[in-house]
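Visitor: Got a structure for you, questions after.
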Amino acid sequence: MMADCECVVIGAGVVGLAIAAKLAQSGRDVLILEQESSYGSMTSARNSEVIHAGIYYPAGSLKAQFCVEGRKALYAYCQRRHIGHKRSGKLIVATNDAQARELADIRKRAVANGVTDLHYLTQAQAQALEPSLACVAALLSPSTGIIDSHGLMVSLLGDAEANGAVLALRAPVRRLSRVASSSFFQIETGGDEPASLTSQWVINTAGHGACQLASSLSELSSTHCPEPLLSKGNYFRLQGRAPFSRLIYPVPEPGGLGVHITIDLAGQARFGPDVEAIEHENYAVDPGRSDKFYEAIRRYWPGLPDAALTPDYSGIRPKLLWQGEPYNDFMITSMRDHGVPGLINLFGIESPGLTSCLAIAEHVNQLSR
């Protein structure tokens, strides 16, 4: 008996596309199933488009490993494929003495992750780079940058399709089961053209739906299925041009990296994300949340004009609850973890998932051998 497809990748976000491209380039037969009408239209389209250096994550975590590896691979890939990007650098700014003391711990954590190019700046040195900045000290990260995330996904999909992969849009996976007396999966899709097919491998990169999809497979123990924990981040757009040439980040806060400023390749400045706990997906941006944005931003940019912020967009972090506690790392599991041959689950692929996509793809390729 032969399966209809060797590898099915469920979810066509940036990580799913990177995995599909890597598998196809390795000679695998790949089908990508995406429930939306376009690829990369959910989490992958709702982020800051930052190439992270790998500074904040605990040493030995998957986030630390894949961010550092992925950042190097991503810059090289962008250069080869002429994808819009800029190694703009960023400043992590302390606005009081207590935060200034935290900079040493941030730098130590970065070094443990293999990020060795952070530079400590005094107030005068930081303001020499960014005169409109208010701070008492800062860390300069020259390897942080920005990227055209849509251009990246176009390129990854092109790589996948050039090597025989096929993308099916409006094809939500309704049911995932094992074929009796075989090692294959039965995959039933809905959408415009419902279908049923078999596959030897299933790569679950379904983003917000990954936990629910995994838990639907009866052969997978519930002990290997974390619970989704949705955390919304809102962004506000700056009217006019920002007086900064680099990304500006405050010292991190619980639940996120704080309200920071990113400047895209077109020069448009955005602030965010904040942290908003939600129970259901909701992408509306409440204009009333701007009050806290003004307060946070003026700690490092006191010159922010009144009425300069307008609601822009929001994203939802696919965070996890694991054994009743928040789980703050990527969770990538395979047969050696859960005992189900051919199944690879990717849970909690939030930031720095964009930066890490090529490294995650290489890891999944190795797990599927």
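Laboratory data are not the source of any read-out in this text; all were calculated from the coordinates shown. In this text the structure is predicted, and so the values were computed from the model without any measurement.
Visitor: For Cα extents along the principal axes in Å, the listed values are [x] 66, 39, 36; [y] 71, 41, 40; [z] 76, 50, 38; which was obtained by calculation from the structure presented?
Guide: [y]
Visitor: Taking the Cα atoms only, what angle lies between the long axis of helix 14-25 and the longest principal axis of the chain, rounded to 10 degrees?
Guide: On a 0 to 90 degree scale, this one is about 50.
Visitor: Please compute the Kirkwood hydrodynamic radius over the range 75-137, one decimal place, Å, based on all pairs of different Cα atoms.
Guide: Taking the inverse mean of 1/r over all distinct Cα pairs, the range 75-137 comes out at 13.6 Å.
Visitor: Taking only the alpha carbons of the range 224-369, what extent do you get along each of the three principal axes, in Å, biggest first?
Guide: Each principal axis gives a Cα extent; for the range 224-369 these are 57, 31, 25 Å.
Visitor: Roughly how tilted is helix 149-162, in degrees to the nearest 10 and between 0 and 90, from the longest Cα axis of the chain?
Guide: Tilt of helix 149-162: around 30 degrees.
Visitor: Per 5 Å bin, what is the whole-percent P(r) computed from every C-alpha pair distance within the range 155-312?
Guide: The percentages, shortest bin first, are 1, 7, 12, 13, 12, 10, 11, 11, 10, 7, 4, 1, 0, 0.
Visitor: Let me ask something additional. Any chance you could list the semi-axes, whole Å, largest first, of the equivalent ellipsoid that the Cα gyration tensor gives for the range 1-133, using √(5λ)?
Guide: They are 38, 17, 14 Å, listed from largest to smallest.
Visitor: Just to confirm the number: angle between the C-alpha axis of helix 62-81 and the first principal axis of the chain, 0 to 90 degrees, nearest 10?
Guide: That helix lies at roughly 90 degrees to the long axis.
Visitor: What is the Cα convex hull volume of the range 101-203 when expressed per residue in Å³?
Guide: 236 Å³
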